[in-house]
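Any read-out appearing in this document is the output of simple, stated calculations on the displayed coordinates, not a laboratory observation. Predicted model, so just to flag it, every value in this text is computed and none were measured. Glycine gets a Cβ as well: all are built from the backbone with ideal geometry, and neighbour counts include every protein chain shown.
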Amino acid sequence: MLKKISVICAILFLAKPSFAQEKFTIYKENKTAEHEIGLNKYSFVHHICPDSFYMTQLYPALDYDDMAQIVSAVYHGVTKKDKVQVNYGNITPSEAIITYSVQESPRYGTIYIMFTNFNNATRQFEETPDPKDQLARWYYIKNDRLVYRNDMFTAEREAEVLASPQASALIRLYLFDEHPENDAKINPLIDTLLAADTSTSSELFFTKIYQIQHFLMNDLLKQAQTHLHKLNVFYEEHLEELSKLSIYLQMVKAEVEVMGRI
C-alpha cells in the first residue's frame, strides 16, 4: 500500500510555481484558496508543521512566517484531486522535496499523505533515497481531523495507556484520537495532574503542553499564547531536569506561532 502511494506522490509537477523565494518554492495544482476537505485547522497544523519541518530537520532554516506560509498553502491547496509540492533550496546533498496529497485507499478509506525524499537512515535529503528508509507519513481523515495511525483509539490502547506510569499519556490519547467525545475527559485529567503533588517535572511539562494543544484544537489562541508563556517560565525554572526535552517546547511554540499567522 505505502509503496504504491510513494510512486504516485513522487511525480513532480510541471506547472509554474505558485510562490517562489530563495528558501522554498510552492507548487499548487489548486489555484483557489478553497479548502474543501474541511479539517480542523489545528488538527492539521499539529501533524503537518512538526512532521514537515522538525522530523526532516528543515526548521533551522525557516522562521515562523515561512512555516505559516507553507502550512497555509498546503492547508488550502490540497483537495481530493489536487496536490501541493514544496521544494526547498540551499539543501545539501540534494534539494528537499515534500509532496502533499489525498488518496482513497480500499483498506483505509480517505487518507492524507506527506511524501518526501528525506532518508531516515542518513538523516538527509537525497535525490533517490532508499525506499525502505524514505520518509512518508500518512494520516486518516476522520470527521474533521487528521489522525495519525498510531493515535487511533482502541479499548486495548486505552487500557495500555491507563497502565502506563506516564499519566499524561492518557491526555494525549484523547486529544489526538478520532473520537471528539473523548475531549470532555481532557480538562479533568489536566487539572488532576497539575494539582498532584506526586507529578514529576517532566510529567507537568507534557501536561502543560497538552493543555496548550487542547486550547489550539478548540480555537482558543489567546489562552494558548498565555499558557505558552507560563510553559517557558516553567521550563527555565526546571532547566536541569527538562533540557533534554527542549525539542518538544520548540515544536509546540512553532504550532502556536503558526496558528497565530494562518
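Structural remarks
- Ordered by the number of other Cβ atoms lying within 10 Å of each residue's own Cβ, fewest first, Ser105, Ser18 fall into the sequence Ser105, Ser18.
- Scalar couplings 3J(HN,Hα) for the stretch 35-51, obtained by applying the Karplus form with A = 6.51, B = -1.76, C = 1.60 to θ = phi - 60°, are 10, 6, 6, x, 7, 3, 4, 6, 4, 6, 4, 4, 8, 6, 5, x, 5 Hz; x denotes Gly and Pro.
- Both radii are taken from the alpha-carbon atoms of the stretch 153-259; with Rh as the Kirkwood radius, Rg/Rh is 0.96.
- Two-decimal Rg to Rh for the stretch 70-176 - Kirkwood Rh, Cα set: 1.05
- The HN-Hα couplings worked out from phi for the stretch 224-241 by the Karplus form 6.51 cos²θ - 1.76 cosθ + 1.60 (θ = phi - 60°) are 4, 5, 4, 6, 5, 4, 5, 5, 4, 5, 4, 4, 5, 5, 10, 4, 4, 7 Hz, whole numbers, x standing for Gly and Pro.
- Point-charge dipole on Cβ atoms (K/R +1, D/E -1) for the chain, about Cα centre, debye to 20: 780
- In sequence order, the stretch 64-73 has phi-based couplings of 5, 5, 4, 4, 5, 5, 5, 4, 5, 5 Hz under the Karplus curve 6.51 cos²θ - 1.76 cosθ + 1.60, θ = phi - 60°, and Gly or Pro positions carry x.
- Nonlocal amide H pairs with Ser105, under 5 Å, H built at 1.01 Å: Thr110, Ile111
- Highest-fluctuation residue, Ala224, Ala169, Ala33 considered, GNM on the chain with Cα pairs under 10 Å: Ala33
- The slack between Lys31 and Ala159, meaning 0.36 nm per residue of separation minus the straight C-alpha distance, is 41.5 nm.
- Taking only alpha carbon atoms, the chain gives an Rg to Rh ratio of 0.97, where Rh is the Kirkwood radius.
- Neighbour-count ranking [beta-carbon atoms within 10 angstrom, fewest first] of His229, His238, His46: His229, His238, His46
- GNM result for the chain, Cα springs below 10 Å: residue of Glu29, Glu178, Glu236 fluctuating most strongly: Glu236
- Between the C-alpha center of the stretch 91-166 and that of the stretch 232-251 there is a gap of 26 Å.
- Legend: ranking of residues Asp197, Asp51 from fewest to most surrounding C-beta atoms inside 10 Å; resulting order Asp197, Asp51.
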